[in-house]
Amino acid sequence: MTLNEEHIKGLIKLVNQSPFFQLLSMTIEDMGVGFSHLQIELEHKHLSPYLAIQGGVYSALIDAAAYWAVYAELPEQAGLITMDVNVNNLASIKEGTIVATGRRIKVGRSICLADVAVEDTNSRRILSQGTSKLLVTQGLQPITQIAQLAGTSLPPKFL
């Protein structure tokens with residue numbers, strides 16, 4: 001089966017409009033088989049009282065990038081639930097744009113594993129790195145449910 005690019009375009013638009021992504025000003029820039037690229041333009045709301053990025057921003061970005069890195073290889077009615085997220089915060093940043101590159105390590109019938117690197121777009125230095133283990137669910141929290149909750153629909157995932 002071939003991944004439907006129209007499904008991916010519609011899904012990116014739908015997810016980028018979701019409450020949590022809006023709250024963090026996080027966007028999916030691209031995704032496909034085995035990868036995802038997400039980004040955040042840092043704003044004052046992302047900073048700790050020390051005026052540097054709050055570590056939870058890295059965690060949220062890694063969790064989301066891992067999820068979308070494995071999504072394309074799952075059956076259409078499968079859902080995903082994060083089981084754990086391991087985060088290694090390596091450097092801080094106060095301003096600019098950060099990007100997360102998610103990479104599928106394994107997509108199994110019941111468990112998926114992904115790795116994510118978060119970089120500063122200016123210096124290309126790695127700010128944070130993490131992995132996430134995700135539980136594959138059949139019929140629980142599928143993407144079609146997100147679309148229904150938003151009052152819309154998506155094209156089929158596969159052609």
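What value in Å³ per residue do you get for the convex hull of the alpha-carbon atoms in region 1-42?
Working: hull volume 2.7 nm³, N = 42.
Enclosed volume per residue, from the Cα hull, is 65 Å³.
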Handout entry: Relative contact order, percent, region 16-81 [alpha-carbon distance under 8 Å, six or more residues apart]
Key = 31
Practice task
Could you tell me how many degrees, from 0 to 90 and to the nearest 10, lie between the Cα long axis of helix 5-16 and the main elongation axis, the longest principal axis, of the Cα atoms of the chain?
Solution key: 50
Completion exercise
Taking Ile81, Ile8, Ile62, Ile146 and counting other beta carbon atoms within 10 angstrom, the fewest-first order is Ile81, Ile146, Ile8, Ile62
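How high is the relative contact order of the chain, in percent, with contacts defined as C-alpha pairs under 8 Å that are six or more residues apart?
27
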Handout entry: Within straight-line cross-link reach of Lys9, aspartates and glutamates at Cα separation under 17 Å, skipping those fewer than 8 residues along the same chain
Key = Glu29, Asp30, Glu73, Glu76
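If each residue's Cβ is checked for other Cβ atoms within 10 Å, how do Lys13, Lys157, Lys133 rank with the fewest at the top?
Working: Lys13 12, Lys157 22, Lys133 16.
So the ranking, lowest neighbour count to highest, is Lys13, Lys133, Lys157.
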Fill in the blank from the handout: In degrees, nearest 10, the alpha-carbon axis of helix 55-71 is tilted away from the dominant principal axis of the alpha carbons of the chain by 30
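Here, each number is a calculation from the coordinates, and none is a lab measurement. The model shown is predicted, which means the values in this text are computed figures rather than measured ones. Cβ sites come from the backbone with ideal geometry, for glycine too, and all protein chains shown count toward neighbours.
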